[in-house]
Amino acid sequence: MKAVMLAAGIGKRCYPLTLTRPKPLLQILNKTIIEHNLEQFGNIFDELIIVIGYKGEMIQKHIGQKYLGVKIKYVEQLEQAGTGHALLQTKEHLKGNFIVFGGDDIFFKQDVKDLIKNKSPSIMCHDREWPENFGVVVEEKTVLKEIVEKPDKFISNKVNTGMYLLSDSIFSILENIEKSSRGEYEITDSINKLAEKEQVKVVRADKWIPIGYPWHILDANKLFLEAIKNDLNGKIEKNVTIKGNLVLGKGSVVKSGSYIEGPVIIGENSIIGPNSFIRPHTSIGNNCRIGLSEIKNSVIMDNFTSKHFAYIGESIMGENVNIGAGTVIADLRHDNSNVLSFYDETLVDTNRKKFGAVIGDGVKLGINTSVYPGRKIWPGKFTTPGEIVKSDLL
């Protein structure tokens, strides 16, 4: 069977991280989203068609023409005209049944197997605490009635994961749908049309990790870290305390006086310490240099530097970020309410009591910089010594 991954979108909700990479190349546990999916799918598919667009050449370079035995084919969506339009670009490559899914969420092998058992049009759903943020699945006795996008009242807690089992008959529907209110051709509109003509089965996923906003990276990171086991390929000096599980990559060193509370993963050729404090659910990439600093529940990408007396909590750091001495990235509001973060000039509730900053590639923070919770800093920006970041730096 063939599968289609839709990976052409810009991923604006994950700015500033996606200003310099496509969303499927965001990292969780030092591995890209697209790699997590490919590893889960194993031998289920013999060919994967990836629809690329925004910075698609980065995906091609990173994944190549074959991955874990699966043949990879690339189809370009020249116009960013929606998910339905993206799928339509694959028409000439598909016959019979196939799977289609979004390239910016993480799926799991057993759920995919359960979906394809039906051998007829099917949609994968998942129970969510806040269904109003998704497309809600309305079904009757496991048969789809309708997908309602972000309803303004409660309908159901079953939401659309964006994974479908379809046949090539969907293309005749896609060719005749109209643009949505967003001005795009939506795959969900074609699924609703299909459900009017024939039965579309609803299959429930046991696990699914949607990456809508940057803080969802922390959710995914925590989930994956809970499953790691000790794997120490680097060097640990004397007088280092390690509690819980740690993955330490080749060429990395944990220096004397450091304290690590797992689960934590550290990539290759990184130096931690002396006297670093790395707290649970932190992922640190390759070629990082972390000295006398405290890092908690954060995702740190490659070539990160924080040598002197910094605190980084509940944050995501892009590549090549340099943190000046005395920098504090706050992750908790004084009123103890949920942290809010701007997206497209609108404040979005992160649904998290604790959330720090999202810092893009190549940012340099001057000494004694203070960053308010929920703030974002665009790639290449810098702060002056003692600067207080009260609003996003664009």
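Taken over the stretch 196-215, the criterion of being surrounded by 20 or more Cβ atoms within 10 Å (Cβ to Cβ) and either part of a helix (DSSP H, G or I) or without any contact (Cβ under 8 Å) to a residue 60 or more places away in the chain (or both) is satisfied by Trp215 alone. Of all residues in the stretch 292-321, none that is within 17 Å of Tyr372 (Cα to Cα) and modelled with pLDDT under 95 has its Cβ atom under 9 Å from the Cβ atom of a residue that is of a type in the set (Lys, Arg) and outside any strand (DSSP E or B), 6 or more apart or on another chain. Among residues of the stretch 107-141 being modelled with pLDDT of 90 or more, under 22 Å from the mean Cα position of the chain (by Cα) and in a loop (DSSP other than H, G, I, E, B), the one that is nearest to Met5 (Cα to Cα) is Phe107. Only one of the numbered conditions (1) modelled with pLDDT of 95 or more; (2) within 26 Å of Leu26 (Cα to Cα); (3) of a type in the set (D, E, K, R) is violated by Glu237, and that is (2).
Which of (1) buried (at least 16 other Cβ atoms within 10 Å of the Cβ); (2) outside any strand (DSSP E or B); (3) among the hydroxyl-bearing types (Ser, Thr, Tyr) is the odd one out, the single condition Tyr164 does not satisfy? Here Tyr164 meets the rest and fails (2).
Within the stretch 255-266, the set of residues being out of contact with any strand residue (DSSP E or B) (no Cβ under 6 Å at 6 or more places or on another chain) and either touching a residue at least 40 places away in the same chain (Cβ under 8 Å) or closer than 18 Å to Tyr311 by Cα (or both) comprises just one member, Gly257.
Please work out if Glu345 is among the acidic types (Asp, Glu) and buried (at least 18 other Cβ atoms within 10 Å of the Cβ). No: the conditions fail for Glu345. Looking only at residues in the stretch 90-99 that are of a type outside the set (Gly, Ala, Ser) and over 15 Å from Ile177 (Cβ atoms), the one that is surrounded by the fewest Cβ atoms within 10 Å (Cβ to Cβ) is Glu92.
The values are calculated or read from the model by the stated rules, or taken from the named source; none is laboratory data. For clarity, every value in this text was computed on a predicted model and none was experimentally measured. Cβ atoms come from the backbone with ideal geometry, glycine included; neighbour counts cover every protein chain shown.
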